[in-house]
Every structure is written in C-alpha cells, then in structure tokens.
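**Student:** Handing you this structure, nothing more for now.
Values quoted throughout were computed directly from the atomic coordinates according to the rules given, and no laboratory measurement underlies them. Since the structure is predicted, the reported quantities are computational estimates derived from the model, not experimental observations. Note: ideal-geometry Cβ built from the backbone for every residue, glycine included; neighbour counts use all protein chains shown.
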Amino acid sequence: MAFGRLLPEVRIPPPGPASRALAAELARFESPNVTYLAEDFPVFWSEAAGANVRDVDGNVYVDLTAAFAVAGAGHAHPRVVEAIRAQAGKLLHGMGDVHPPEIKVALLRELAQVAPGGLTRAVLANSGGEAVEAALKTAAIATGKPRVLAFHGGYHGLTYGALSVSSREDFRAPFAAQLPGTAVFAPYPYAYRSPFGDEPEAVAAATLRYVEHLLDTPGTASEGIGAMLVEPVQGRGGDVVPHESFLPGLRRICDERGLLLILDEIYTGFGRTGRWFACQHTGVVPDLLVVGKALTGGLPFAACIGTDAVMGAWPRSTGEAIHTSTFLGNPLGCAAALASIAALREERLVERSATLGQEFEAELEELLGGHPRVGEIRGLGMMIGVELVRDRGTREPAPELAGRVVVELLRRGVLLLGGGIHGNVLSFSPPFVITEEQIEASLQALREVFARLPE
C-alpha cells in the first residue's frame, strides 16, 4: 500500500531516540515559548503524504489534524508539489506591488470565482494573521470607524492587530499594555457552555439580542464600531458550531446598522466544513472574507477578499502602497493555491469532506457518546470536536484527560490535537483524502485509549 494510505505502524515507542535528540537540540536554539517539549512529546516529522506522516524514527502515523487543518487535499498532494516545483524553476520571487508576477493575476481571478458571490477583490498576504490585519484596515478605511465587535473564544492570530481582536487571555495578557483597545467582545453561541442556556436555537437568539444591546446602548463601550469579526465555526475555540440562525442574524444586524461583516474562514475555508466556505451552509455572504491554511495546502499564504464597494475604499496606489509586504503575491504561493483549488474541485474533495465527515462524526458518537467523560460531540464536515469533562452533570472541563488521550494516541500511531478555551476538546480535522480503513484504525486506537480512562 502506498505511503499516504498506510495504517499506523509504530516501530519505536514515540518519541524515539532521533526525536529526543532533535528536541534536545531545539531546546538549545529556539525560543522556549515556541515548541512544547516533554519526555513524551513531540515527535519530529521527516515526510508526509496523503493522510500519513512519518517521523524521524521511522514510525508511520495516521494524521487526524491535517497539520492545523492545512492539508485538506492531503499532505504533499502531487498536483500541488508539481506546481511548486515547476514554478520554482521558472520564477521564485517577484515584486508583488511593483512588477507583479504573472501568476498573481491568475490567482486573484480564481479567488474571485471560488469565493461567495460578490467577493471579487483581494489583498494577498503571507499568513492568516496578516490577512486578518488587512481586513481590519479595510474595515477602518471603508467605515471611518476604528473599532470591531468580536467574540469570546475567537482566535484570529497573534500579531498585534489580530491579537487585539482575539479573546484568549492567555495569549493577550503578556502584551496587554501594548494592545490597542480595538475590540469589544460578545459571547459566542457556544450552547454547551453558554450563559443563555443550552438549547442551540435559543442560545443563538439570546446572543443576537445581546449583540444588538451592545451596539444600541450608549455606554456599553461600543462607540466607534464599524465592523463585526467572527468565525462561522470556531476552530481553536473548540470546534464550536453555532445554530444555523446565528450568521444570518449577524448579517441582518450589520445591514440594519451599516456595519461590515468580516468572516474569518482561515480554518473553515476550502472544504473543511463540507462546503467551500462555512458561510455557504446558511447562504450568508460577508463584506470581507479572510482565508488561509488549506488555500495552498502547505505554503504560508492567505488572502482578504472583499466586495468592490468595500475594497474600493482603499486609495489608488501612487507608487507607495500603504499596505503591502516584500513577499506579497509570492509566485510559489500563487502556484500552490491554484493547484490546491484545482485538486479540491476536480477530485470533489469538498463533497468528500461533507460525506465522510458526517460518517466520521456518527462513528465517534457511537463509540464515545456514552462515555461518562465525554460531554458533547459536535461538528460540521471534517471539523469535529469531542469535549471531555470530569463530570457530565457539572460539565467541569477535563484538559488533563485531553492531554492524556493525545499522548496515548501518539503512542498508537495516531496524530490528534487538543483545543478549546479550556484545553479539553479533542479536535478532529483530518485530510479529506483519509481512507475509511485509516479512520477505522484511528477509531480502534480511540477505543483502546478510552477503555483505560477513569470513569
């Protein structure tokens, strides 16, 4: 069987000696803030393809993370690899805002075609956080208002502008003195942990009323808000899927008050939820759409895509663009993005994400739904969260159990990440090309691990 479709094969208990040696060397040369290092974590990758990863000790893993949801079309998709190789031999770097590479125009045209209706102009970027900052700048220029309504649990990046609209206090606290007071935060309709109850539709309705109250009541710190920024499904917040009424409600509120709606689909875009973009599940079209991750399937690249009316608020360049970067529209990123989009479309991988994701979630429900430490299983497409608790009655988060499950799965050749605002959610975001046999092997590993968890 070809690498990419293999089942787990653990030859040396991970992390093996080669991974341990690299961890020791990394500790000498990298800032201690970056990589978590422990006796049982991490392993160091040497190659990846499809839904497989091989580490430096020769162990083969089934990847249920798609490397932070990047490898939607699979690791090292042949079409993407060949596109990068061909482009690297032709033009490695251009002058994106002076003498642009030809391929930049092709990608901008493709983005206008694949994005929801009316989103036809883009600012290209080198990372999701940078694309979020482009959206924030665009909103400020288009509305003349500097502030943004964002949501608790939201994660939009760690550069200062993106961090200022992210609500994670563990990320914000060390830099609080330098962060602008750009954002006002409202609750996200996280029905399992909402102050408004636990019925999803009622929670969404109450959340929308709260947002209207913030916007319409003087003295609620909402003065100067020109836009809303929201993830259609929260990613790092714990794979939180709001009720289907939530996004249309935000669209209505924005339209009634002349606000821009910015959707952060860095995680959810390009098939992750079973549609090209998560907003398409409810027919909502934002004013600005932020994308990244699976856009290229493996290279750092992102974009902020908007309507003509909103993007037209930017002044025409007179030779010095007021928002740009050295690597804007990098030819390798453009080539990878075009190839990744083509693979998703021609191999019907977005449709596969919808079908296989629904089946996978049902299998997880059957396997784990009755376990006393599982509070909720939720998902959309190939974006599934399993929330672990110490007690189902109190719903007290169990981050220690999530960490234990991740390590035990690693020992069995399955890669999984923990997430959520409490660190207690198992976050499933596999490549769309994962095989049914690989899913079954992963479920068997989960079965073994959960059988050993305390009840």
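**Student:** Under a plain spin-label model, where a point goes 7 Å from the Cα along Cα-to-Cβ, how far apart in nm are residue 93 and residue 220?
**Tutor:** Calculated label separation equals 4.9 nm.
**Student:** So for the pair residue 25, residue 447, with labels modelled 7 Å out along Cα→Cβ, what separation do we get in nm?
**Tutor:** Simple spin-label model gives 4.1 nm for this pair.
**Student:** Could you compute Rg(Cα) / (2.2 N^0.38 Å) for region 248-395, with N its residue count?
**Tutor:** Taking N as the residue count of region 248-395, the ratio is 1.32.
**Student:** Between residue 358 and residue 256, what FRET efficiency comes out of the Förster formula 1/(1 + (r/R0)^6) with R0 = 35 Å and r the beta carbon distance, rounded to 0.05?
**Tutor:** 0.50
**Student:** Rounded to whole Å, give me the distance from the Cα center of region 351-373 to that of region 58-93.
**Tutor:** So the separation of the two Cα centres works out to 27 Å.
**Student:** Over 22 Å, how big is the tail of the calculated P(r) for region 1-106, in percent of all Cα pairs?
**Tutor:** So the pairs more than 22 Å apart make up 51 percent of the total in region 1-106.
**Student:** Once Rh for region 78-346 is found with the Kirkwood sum over Cα pairs, what is the Stokes-Einstein diffusion coefficient at 4 °C and 1.567 mPa s, in µm²/s?
**Tutor:** Rounded to a whole number, D works out at 68 µm²/s.
**Student:** Sticking with this structure for a sec: What's the extension gain from residue 45 to residue 437 if we count 0.36 nm per residue and subtract their Cα-Cα distance?
**Tutor:** Stretched fully, the residue 45-residue 437 segment lengthens by 138.9 nm.
**Student:** Please state, to two decimals, what the Cα-based radius of gyration of the chain comes to when divided by 2.2 N^0.38 Å (N = residues).
**Tutor:** 0.97
**Student:** Can I ask one more? I'd like to compare 333-342, 370-379: which one has the highest average count of other Cβ atoms within 10 Å, and what's the full order after that?
**Tutor:** 333-342, 370-379
**Student:** Given the chain, what percent of its DSSP beta bridges are antiparallel, to the nearest 5?
**Tutor:** Taking every DSSP beta bridge with both residues in the chain, the antiparallel ones total about 70 percent.
**Student:** Hydropathy at least -1.0 by Kyte-Doolittle, axial extent at least 20 angstrom from the Cα trace: which helices of the chain, defined as entire DSSP H runs, fit?
**Tutor:** Result, helices passing both filters: 128-143, 200-216, 331-346, 349-368, 436-451.
**Student:** Ordered by residue, what ³J(HN,Hα) values in Hz, to whole numbers, does region 304-316 give under the Karplus form 6.51 cos²θ - 1.76 cosθ + 1.60, where θ = phi - 60° and Gly and Pro are x?
**Tutor:** Values, residue by residue: 10, 10, x, 6, 4, 5, 6, 5, x, 6, 5, x, 5 Hz.
**Student:** Could you list which residues have their amide H under 5 Å from that of residue 152, counting only those 5 or more apart in sequence or on another chain, with H placed in the peptide plane?
**Tutor:** Under 5 Å from the amide H of residue 152: 186, 188.
**Student:** While we're on this one: Take the cross-link list 145/293; 104/137; 104/293 and give me the ones stretching past 25 Å between alpha-carbons.
**Tutor:** 145/293
**Student:** Now a separate question. How would you order 397-406, 313-322, 102-111 from highest to lowest mean count of nearby Cβ atoms within 10 Å?
**Tutor:** Averaged packing, sorted descending, gives the order 397-406, 102-111, 313-322.
**Student:** What number, in nm² with one decimal, is the all-direction average of the projected area of the convex hull of the alpha-carbon atoms of region 211-255?
**Tutor:** Mean orientational projected area (region 211-255, Cα hull): 3.8 nm².
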